[in-house]
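The values are calculated or read from the model by the stated rules, or taken from the named source; none is laboratory data. The structure presented is a predicted model; accordingly, all values stated were derived computationally and were not measured. Glycine gets a Cβ as well: all are built from the backbone with ideal geometry, and neighbour counts include every protein chain shown.
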Amino acid sequence: MPRIVGVDLPREKRIDVALRYLYGIGPVLSARILSEARVAPATRAKDLTDDQVTKIAAIIAGHKVEGDLRREVSQNIRRLIDIGSYRGARHRRGLPVRGQRTHTNARTRKGPRQTVGAAPKPAAAKPAASAQKGKK
């Protein structure tokens, strides 16, 4: 099982698909890495030689992937929140950031529905009714 950037790649998958298991590598970057390393995309991950794995790992080292990329994204969001921008405020409140509507939809960002105003009315009116019964 090839291990690249601390992630075990699935053995039975084609290497062009297996590379996508790394955070920050999609179909286009995967194809670009394999062409630069001169590895056939149809090769299974288990069939890679140590030399090919080393080449692929060296090429990936030039890109931000996994922990470095996750850290950069979270720092960018933290910066938006700290400077008080509109986008930072949307992140802070857990609402859509890129202008989507929120009157309906946006359930992924807002979470499950929370019913507002459906609490039962307080029982404060009952003592007044019992006071009137005593006057009779």
- Within region 85-113, the count of residues that are surrounded by fewer than 12 Cβ atoms within 10 Å (Cβ to Cβ) and at pLDDT 95 or above comes to 1
- Subset of region 17-32, residues closer than 18 Å to D47 by Cβ and buried (at least 18 other Cβ atoms within 10 Å of the Cβ), comes to A18, L19, S30
- Note on the structure: Expected single match for at pLDDT below 95, within 30 Å of A37 (Cβ to Cβ) and surrounded by 10 or more Cβ atoms within 10 Å (Cβ to Cβ) among G62, G67 is G67
- Looking at G6, is it on the phi > 0 side of the Ramachandran plot and surrounded by 13 or more Cβ atoms within 10 Å (Cβ to Cβ)? no
